[in-house]
Structure formats: structure tokens, C-alpha cells
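Have a look at the structure below before the remarks.
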Amino acid sequence: MPAMDEVLAARRAARASRSQSRANVVSIFILLVSFLAGIVMTAGTQNPGWLVIWILAGLFFSQSPKIAKQWERAVVLRLGKYTGLRGPGLFWITPFVETISIYIDQRVITTSFAAEETLTSDTVPVNVDAVLFWMVHDSEKAALEVQDYTQAVSWAAQTGLRDIIGRTSLSELLRGRERIEAELQALIDQRSNPWGVTVQSVEMRDIVIPTSLQDAMSREAQASREKSARIILGQAEVEIAHLFFEAAKSYENNPTALHLRAMNILYEGLKEKGALMVVPSNVVESMGLGGMMGAAALRGQQTMPATNTKIASPAV
């Protein structure tokens, strides 16, 4: 990991240099005033030494005014010893005696982190991508208790995610995101609280599993859906059989209802164009449907001359 360590060291050095060399309007104004005063004194006395003196004085006093933004707190050290927090707004320090070690951002910060090729409890390699929402609630602890609180939070989140994935099966990881996010938030919050950092929420953006395992899970899901469909069809057959059994009991002692049902079946069959219905003659005679069916056939020929509906009553 030497390359990663070098990158982190470069980032820390860049942040430190930005904290130390923040230009502001007040400092620039002091430099301009000092320069103009030196020019005036030099012109009046014909001594260029005054220009040098005023420029040096301007450089010295321009180091005193500092400005922190509304969401920032400046950590002030006096000869290396912590003296307090300053800001927001304009504040003054003693040049070359007091220094600003860091400006603490107190807004909600988002940090993306990931766990690559991490094995679950059932030995499945997964890649998990997540986002952490956190903020600094104690700027003094963030400055004094940890070297680089932003990087520390990032590493704590990544190690916490790997720890939880190693204790969770793949099915739980895919189905129980909310529980895992809450557990991960509590774990990171526990580690980062001594640094003055609080975690607001954790959101898992993506879970990537191997392609071969995706195909197997797809086949398993398809088989599960087919199984559910067959079970539903079987339950429907059971319910239909039960309803037919209840209907048969209703028709058993009520021949009139049975005849009406038969008439309804014949009527539904006659409505279809080109239908051919074969009805035993004894059934027609027992129901007294001969005249009615003849009239129905006559009306059908009058209204639908092209209809091929036929009713055959074979002799018994």
C-alpha cells in the first residue's frame, strides 16, 4: 500500500498548505496601505529604506487577520499549544506566534466508500458501494484526537462495511438493506464518536455479485415462480371442485334448477356463430325444449342467414 500512503500524505499536505495560506481582503488591504505609505515616505524623505520598512511591516501585520466561513471553525495553536476555536467571520491572531492548524467544516459531509471482493458468511464474493453522511459535532476533538478525521472516518466506514458483510449471508444482504444500513451506521458512529464525529445515515448504493451466480439465481427465481404458479393452479382446481360439489348438491333435489341450468348452457352455445351442438333427443324431450329450440332456430335463420349453427338430436 505504499502508493496509497503517498496519496494520502499528499492530500494532507495540500490541506495543511491551504489552511496556512488563506488570502483575504483585509490582509490584501493592509499590504496595499503599507506599500502606499512606504512610497509616500520614500518620496518625502528621499530615503528608500522607508519603503522596505513599510513593506516588511505590511507583510507582518497582514498575517494577523483571518476569516472563517459561516460553516467553519479555525483551530488556533500558540507555539504549538491549542488555545481555542475561532470563527466564523473575521478574527485576529498574533503573527508567527499563533497559527491556524486546520479549518473544521461543520456541514454534513458525504463520503463514498466500497468493499471490493468481500466474502459473505456463505463464501460469496460481492462488491458493495455505499455512501456515508456525517458531520463534525465537536471541532476540538476532531482536531486533537485524530490526525486526519476525514480519512479516519472513511477507513472506519470501509472496515465496518467489510466486517458486516463477513457476518451476513448473501440473501440477507440483498433483502435486508435497511437493517444492514442501520447496523453499519451504529458501528461507524461508535468508532467515530471519540473523534467528535457523528454519523447521520448510511446508504448502500449497489451490490454486485459474480455473473455466474447471477445466472444461477435467475434460474432459481424462475423455478420458484413456476412452482408458485403450479401451486396457485392447484388451489384454484380445489376451489372449483368444491364449488361444483356444492352446486351438485343444490341440483340434486331440484330438477327445475337443473333444467334451467341446461337451458342456459344451450342458449350460450347457440349464441356462438358456426357452433355445432349435439344434444341427445331424450334430454330435449325430458326438458320440453323441442318447441323452444325450433323457435330459436327459426329466429336464428331470420336474423343470421349466414350462421352455420346446427343442433343435432340423435335418436336414442
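The values are calculated or read from the model by the stated rules, or taken from the named source; none is laboratory data. All values derive from a computational prediction rather than experimental measurement. Here the Cβ positions follow ideal geometry from the backbone for every residue, glycine too, while neighbour counts run over all protein chains shown.
Below is a table of values for the structure above.
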read-out: Close pairs from segment 106-135: first under 15 Å from S169 (Cβ atoms), partner outside any strand (DSSP E or B) and among the acidic types (D, E), Cβ under 9 Å, at least 6 apart; value: T120/E172; S121/E172
read-out: Among the residues listed as E72, E116, E98, the single one being at pLDDT below 90 and closer than 27 Å to D148 by Cβ; value: E116
read-out: Among the candidates Y82, Y103, residue that is modelled with pLDDT of 90 or more and over 37 Å from the mean Cα position of the chain (by Cα); value: Y82
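So that you can scan it fast, the table gives a plain yes or no per residue for (1) aromatic (F, W, Y); (2) in contact with a His (Cβ under 7 Å, 6 or more places away or on another chain); (3) over 19 Å from V153 (Cβ atoms):
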site: W50; (1), (2), (3): yes, no, yes
site: I55; (1), (2), (3): no, no, yes
site: G89; (1), (2), (3): no, no, yes
site: P95; (1), (2), (3): no, no, yes
site: I100; (1), (2), (3): no, no, yes
site: I104; (1), (2), (3): no, no, no
site: E117; (1), (2), (3): no, no, yes
